[in-house]
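Participant: Questions regarding the structure given below will be posed in turn.
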Amino acid sequence: MSEPVIMMKNVSKRFGSFTALSNINLTVNRGERLVVCGPSGSGKSTMIRCINRLEEHDAGTIIVNGHELTGNDRRIDAVRREVGMVFQSFNLFPHLTVLKNLMLAPRLVRGTDKASAEAAAMALLERVRIPEQAHKYPAQLSGGQQQRVAIARALCMNPKVMLFDEPTSALDPEMISEVLDVMVDLAREGMTMICVTHEMGFARSVADKIMFMDSGEIVESAPPDEFFGAPKSERTKMFLKQILAH
Amino acid sequence: MSFNFDLVWSSLPLIIQGLGMTLKLLFLSSLIGLFLALFILLLRISGRWYLMWPAMAYIYVFRGTPLLVQIFVIYHGLPQFDFIRESIFWPVLREPFGCAVLALSLNAGAYVSEIMRGGIIGVDKGVKEAAMALGLPRWQQFIYVTSPIAIRLALPAYSNEVVSMLKATALASTITMMEMTGVARTLVARTFAPYEIFISAALIYLALTYALQQVFAWIESHASRYVKKER
Amino acid sequence: MADLTGWLDDYFFGTLVVLQVFFVALGLSVVFGLIGAAARLSQSRIANGIAKVYIVVFRGTPELLILLIFYYGIAVTLTNVARYFEPTAGFVNFPPFWAGATAIGLIVGAYMTETFRGAFQGVDPGQVEAAQALGMSRFQVFVYVRMPQMWRLALPNFGNHSLSVMKDTALISIIGVQEIMFVAEMATTVTRKPFTMYITVALIYLLITTFITISIAYLEKYANRHLRGSR
Ligand SMILES: Nc1ncnc2c1ncn2[C@@H]1O[C@H](COP(=O)(O)OP(=O)(O)OP(=O)(O)O)[C@@H](O)[C@H]1O
Ligand SMILES: [Mg+2]
């Protein structure tokens, strides 16, 4: 059970003179589900984006699936294929139909033949419950549907771990649950996940560990019962009070 | 002092004799210009200073000087050098047609590469990141994700540029090319009815502009089909 | 370089002519652009229609052709008018400077029309309503609320249009205005160094367009000064 998929050791990241991450230490094991929360600007996106090197860290070590992240481009592409990512703003390819969005990467980088890529894509669309939208373009879908396509697109590469960066915060309230349901399913199936979200109900029900960040640091990290029941730091308490007041 | 409509009608078929040359100039130079633009664009976005700088200098010079001056430098200017007259390019550069196509293409290359770059800059950063996150190598990101979106974004500006190029072909008449404006100018010299003849020519240009715009509007609507919601 | 020495003063005075044409044509293009925009924004369908035809015709016809229509057209018209009163009158020449500047002003004015119209409509209607709610008159709203923002919105396009005016000035040598293209032609017949002479013209244009580009960038910075954050 304790096979680490992601390890960050003393990771720091700066934008110019601004320190976005300082001394981040983190281990996520296979099958583990980590929820990250924290105020805006605390560095949650920066941290998660360092894991697939959409941002380059300045100091420390990041090891993903046993590969250390360095400047080597080929290696990075290989790592990225094992790491699925879902963005706040969906970022579907607007010029491709839903089905083609799903098939693009498997066909190009895995060399999967058309028929099996299509079959796999359709199976995933079933799983996120929108097989009937396969031939539409992203602009013709609702936000919740687009985000589910984005999840399916990431899953098409059979990733070892999924990263979610506030996947529901751009959605209208009535669409949030359809996306969260899909994520809960994934968690139940044993997917390793790191999820930046402020959906505390979701965190409580699926997370093995909840992590609170502020000003680029990990302030507190604990299992849900402890995190909600007995937060240690004042900053965590303040944050929870604000977020649960809604 | 009367406007002679009969003269318009009788000169139209004469001016149309120059239409073929106008279209030939337009077609050749937009085709060559397109390839040139793509080449310049790749240099420009390579991220390497020794490739970017020549591209930027090229764009700066060709966009910062009048096309007419470029045409004259090439047609009248280049033969000043013996090495050009002895080079394998001389058969092309000796002819006004070759010079006109060269000047128009070089000019288009500069403008079109900037139009393409505008399209690329306009592509949503998040969409590019999504391709990156899936592990597509850089060139595949560019070909399968960035380019198709950039082309759609660049089409309206490109369509304007092609219309500009159509108008620019008229400058070839200054180096003796018998395209529509050239034909019109000889007719005026003969009949001395500038209004009738030049206006006839203008009407044909307007019709061509309209046709080009219609073609591009169709291409644009086809290329943007995925942007529109159904219903 | 040595070939140039005797001609430097000619280039200098030629450049002055280019600048004169530039300023006159630019001024005219602003005037035509404002009139065009006012017509496009007016309620009158006739004014609107005329403005639309103006835009289509002057943007769809080669600049050179418009210039020729103006120059020869006006000359022929004036000659005919003169002969109506005095049948033995000779050929009346219209000053090519003014024919050229007016033609360029009209051409670029067609582009300015759309820029000004866009800038007028680009001002947030909420602000106009806010000003009216404060009791300002229509005129006051225009002068104090719209105008200061309009020029900021229009500036980037205005910059491009002034560059077009500058580059179009090269055409007026064709109707016999004695500017730098003309100087280059003269100098070539004497020195037989066409490349040197025309590349000098290109460099002069490059210098002027660079200056215009920098000025516009500076103006844009000034116009947007209140949009920058406090940090
Ligand atoms: N490319 C960048 N250049 C400069 N500063 C940046 C950049 N990206 C992020 N930052 C800064 O780093 C800090 C952390 O940003 P990050 O996006 O990681 O925050 P976040 O916790 O995800 O916030 P949010 O909840 O708003 O998404 C912010 O202060 C942000 O302004
Ligand atoms: Mg974020």
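The values are calculated or read from the model by the stated rules, or taken from the named source; none is laboratory data. Since the model is a prediction, treat every value here as computed from it, not as a measurement. Methodologically, a virtual Cβ is constructed for each residue, glycine included, from the backbone with ideal geometry; neighbour enumeration extends over all protein chains shown. Remember, those area values only see protein heavy atoms, side chains included, never the ligands or the DNA or RNA. Shrake-Rupley method; radii C 1.70, N 1.55, O 1.52, S 1.80 Å.
Participant: Identify all lysines with a Cα-Cα distance to B:LYS24 below 24 Å; exclude those on the same chain that are fewer than 8 residues away in sequence.
Facilitator: Answer for B:LYS24, where 24 Å is the Cα cut-off: B:LYS167, listed by chain and number.
Participant: Apply the Karplus curve 6.51 cos²θ - 1.76 cosθ + 1.60, θ = phi - 60°, to the phi angles in segment C:152-157 and return the couplings in whole Hz, x for Gly and Pro.
Facilitator: 5, 5, 7, 4, x, 5
Participant: Okay, next question. Any chance you could get the radius of gyration and Dmax over the Cα atoms of the protein assembly as shown, in Å?
Facilitator: Final numbers for Rg and Dmax: 32.4, 110 Å.
Participant: Using label points projected 7 Å from each Cα along Cα→Cβ, tell me how many nm separate B:PHE3 and C:ILE214, to one decimal.
Facilitator: Label-label distance for B:PHE3 and C:ILE214, simple model: 4.7 nm.
Participant: If you don't mind, there's one more thing I want to ask. Could you state the angle between the C-alpha long axis of helix B:5-16 and the longest principal axis of the C-alpha atoms of chain B, as a value from 0 to 90 degrees rounded to the nearest 10?
Facilitator: 50 degrees
Participant: Hey, can you grab everything whose amide H is under 5 Å from the amide H of A:ASP214? Only 5+ residues off in sequence or another chain; H modelled, so Pro and N-termini drop out.
Facilitator: Residues meeting the amide H criterion: A:VAL219.
Participant: Taking amide hydrogens as modeled 1.01 Å from N in the peptide plane, which residues meet the under 5 Å criterion relative to A:GLU32, leaving out close sequence neighbours?
Facilitator: Counting only residues 5 or more places away or on other chains, the set is A:MET193.
Participant: Using each residue's phi in segment A:202-216, evaluate 6.51 cos²θ - 1.76 cosθ + 1.60 at θ = phi - 60° and report the 3J(HN,Hα) Karplus result to the nearest Hz, with x for Gly and Pro.
Facilitator: 4, 4, 4, 7, 10, 6, 7, 8, 10, 10, 10, 10, 8, 6, x
Participant: Tell me, what is the FRET efficiency for A:PHE18 and C:PHE85 to the nearest 0.05, using R0 = 60 angstrom and their Cβ-Cβ distance as r?
Facilitator: 0.15
Participant: On to the next question. Please give me, ordered by residue number, the trypsin sites (Lys or Arg not before Pro) of segment B:1-53 that lie in loop per DSSP and have at most 14 other Cβ atoms within 10 Å.
Facilitator: B:ARG48
Participant: Using protein chains only and a probe of 1.4 angstrom, how many square angstrom of C:ILE35 are accessible, to the nearest 10?
Facilitator: 100 Å²
Participant: On to the next question. Students often get this wrong: which residues of segment C:58-90 have the backbone nitrogen under 15 Å from the point 7 angstrom along Cα-to-C-beta of B:GLN213?
Facilitator: So the set is C:58-62.
Participant: Tabulate in residue order the Karplus-calculated ³J(HN,Hα) for segment A:160-172, using 6.51 cos²θ - 1.76 cosθ + 1.60 with θ = phi - 60°, rounded to whole Hz; enter x for Gly and Pro.
Facilitator: With coefficients 6.51, -1.76 and 1.60, one gets 7, 8, 10, 10, 10, 10, 6, x, 10, 7, 9, 9, 5 Hz.
Participant: Quick check: the distance between the Cα centres of segment C:171-191 and segment B:134-187, to the nearest angstrom?
Facilitator: A separation of 30 Å, based on Cα centres.
Participant: Please give the length that would be gained between C:LEU207 and C:VAL92 if that part of the chain were fully extended, namely 0.36 nm times their separation in residues minus their C-alpha to C-alpha distance (nm, one decimal).
Facilitator: Extra length available between C:LEU207 and C:VAL92 comes to 37.7 nm.
Participant: Let me ask something else about it. So how exposed is B:HIS76, as accessible area in Å² (1.4 Å probe, rounded to 10)?
Facilitator: The accessible area of B:HIS76 comes to roughly 70 Å².
Participant: In degrees from 0 to 90, rounded to the nearest 10, what is the angle of the helix B:147-168 Cα long axis to the longest principal axis of chain B?
Facilitator: 10 degrees
Participant: Also: Using only protein heavy atoms and a 1.4 angstrom probe, determine the accessible area buried between A and B, summed over both sides, in Å² to the nearest 100.
Facilitator: Accessible area lost upon association: around 2200 Å².
Participant: While we're here: Work out which GluC sites (Glu not before Pro) in chain A are exposed loop sites (DSSP not H, G, I, E or B, at most 13 other Cβ within 10 Å) and give the longest gap free of them.
Facilitator: By the stated rule (loop sites, at most 13 other Cβ atoms within 10 Å), A:57-188.
Participant: Please say if segment A:164-225 is rounded, prolate or oblate, where rounded means a/c under 1.5 for a ≥ b ≥ c the square roots of the C-alpha gyration tensor eigenvalues, and otherwise the choice is prolate for a/b larger than b/c and oblate otherwise?
Facilitator: Since a/c reaches 1.5 but b/c is at least a/b, the shape of segment A:164-225 is classed as oblate.
Participant: Which trypsin sites (Lys or Arg not before Pro) in segment C:112-199 sit in a loop by DSSP (not H, G, I, E or B) and have at most 12 other Cβ atoms within 10 Å of their own Cβ?
Facilitator: Hits after loop and neighbour filter: C:ARG192.
Participant: Sort all Cα-Cα distances of segment C:2-223 into consecutive 5 angstrom bins from zero, then give the percent of pairs in each bin up to the one containing the longest distance.
Facilitator: The calculated distribution, bin by bin, is 1, 7, 11, 13, 14, 14, 12, 9, 7, 5, 3, 2, 1, 0, 0.
Participant: Find the accessible area per residue for the protein assembly as shown; the probe is 1.4 Å, ligands and nucleic acids are left out, and the unit is Å².
Facilitator: Accessible surface, normalised per residue, equals 48 Å².
Participant: May I pose another question? Might you report the magnitude of the Cβ-based charge dipole of segment C:2-223 about its Cα centre, with Lys and Arg at +1 and Asp and Glu at -1, to the nearest 20 debye?
Facilitator: 660 debye
Participant: Let me ask another. Counting only helical runs of four or more DSSP H residues, what would the 222 nm mean residue ellipticity of the protein assembly as shown come to if each run contributes -39,500 (n - 2.57) and the total is spread over all its residues?
Facilitator: Computed mean residue ellipticity for the protein assembly as shown: -20000 deg cm²/dmol.
Participant: Report the full-extension gain for the segment B:TRP90 to B:ILE143: residue separation times 0.36 nm, less the Cα-Cα distance, to one decimal in nm.
Facilitator: Here the segment from B:TRP90 to B:ILE143 would lengthen by 15.3 nm.
Participant: With both partners inside the protein assembly as shown, how many of the DSSP beta bridges are antiparallel, as a percent to the nearest 5?
Facilitator: If we restrict to bridges inside the protein assembly as shown, about 55 percent are antiparallel.
Participant: Right, here's the next one. With just the Cα atoms defining each centre, how far is segment A:23-43 from segment C:90-143? Give it in Å.
Facilitator: When both Cα centres are located, 57 Å separates them.
Participant: With a Förster radius of 41 Å, plug the Cβ-Cβ distance of A:GLN242 and C:LEU134 into 1/(1 + (r/R0)^6) and report the FRET value to the nearest 0.05.
Facilitator: Step by step, r from the Cβ atoms, then E = 0.60.
Participant: May I ask for the angle, rounded to the nearest 10°, between helix B:180-191 and the longest principal axis of chain B, with both axes built from Cα atoms and the value confined to 0 to 90°?
Facilitator: 10 degrees
Participant: Something else: Report which residues of segment B:172-201 become buried by 40 Å² or more of accessible surface when going from the isolated chain to the complete set of protein chains (1.4 Å probe; DNA, RNA and ligands ignored).
Facilitator: So the qualifying set is B:ARG185, B:PHE192, B:PRO194, B:TYR195, B:PHE198.
Participant: How compact is chain A by the rule of thumb for globular proteins, expressed as Cα Rg over 2.2 N^0.38 Å?
Facilitator: Taking N as the residue count of chain A, the ratio is 1.01.
Participant: Now, a different point. Could you state how much accessible area B:TYR75 has, in square angstrom rounded to the nearest 10, with a 1.4 Å probe and all protein chains kept in place?
Facilitator: 50 Å²
Participant: Give me the summed buried accessible area for the C-B pair, 1.4 Å probe, to the nearest 100 Å².
Facilitator: 3200 Å²
Participant: Antiparallel versus total DSSP beta bridges in segment A:163-246: what percent is that, nearest 5?
Facilitator: Roughly 60 percent of the DSSP beta bridges within segment A:163-246 come out antiparallel.
Participant: Within segment A:41-140, which trypsin sites (Lys or Arg not before Pro) sit in a loop by DSSP and count at most 12 neighbouring Cβ atoms inside 10 Å?
Facilitator: In loop regions of segment A:41-140 (DSSP not H, G, I, E or B), there are no sparsely surrounded trypsin sites (Lys or Arg not before Pro).
Participant: At 1.4 Å probe size, with the rest of the protein present, what percent of the exposed accessible area of segment C:38-159 is carbon and sulfur atoms?
Facilitator: 64 percent
Participant: Determine which lysines satisfy two conditions relative to A:LYS44: a Cα distance under 17 Å, and not lying fewer than 8 residues away in the same chain.
Facilitator: Within the straight-line limit of under 17 Å, A:LYS44 reaches these lysines: A:LYS9, A:LYS13, A:LYS209.
Participant: Let me ask something additional. Got a sec? Charge dipole of the protein assembly as shown, +1 on Cβ for Lys and Arg, -1 for Asp and Glu; which of A:ALA222, B:LEU31, B:ASN4 is way out at the positive end?
Facilitator: A:ALA222
Participant: Kindly state, to the nearest 0.05, the FRET efficiency for C:PHE142 paired with A:ASN29, given R0 = 56 Å and r defined as their beta-carbon distance.
Facilitator: Efficiency, from the Cβ-Cβ distance: 0.25.
Participant: Where is the GNM fluctuation largest for chain B (alpha-carbon springs, 10 angstrom cutoff): B:GLU179, B:GLU95, B:GLU86?
Facilitator: Greatest mean-square fluctuation among the candidates belongs to B:GLU86.
Participant: When chain C is treated as a GNM, springs tying every alpha-carbon pair under 10 Å, which of C:GLN149, C:GLN43, C:GLN20 comes out with the largest mean-square fluctuation?
Facilitator: Among C:GLN149, C:GLN43, C:GLN20, the largest mean-square fluctuation in the Gaussian network model of chain C belongs to C:GLN43.
Participant: Among C:TYR11, C:TYR205, C:TYR84, which one shows the highest mean-square fluctuation when chain C is modelled as a Gaussian network with alpha-carbon springs under 10 Å?
Facilitator: Greatest mean-square fluctuation among the candidates belongs to C:TYR84.
Participant: Right, another one. From the P(r) of segment B:20-177, could you give the percentage of C-alpha pairs in the tail past 25 Å?
Facilitator: 39 percent
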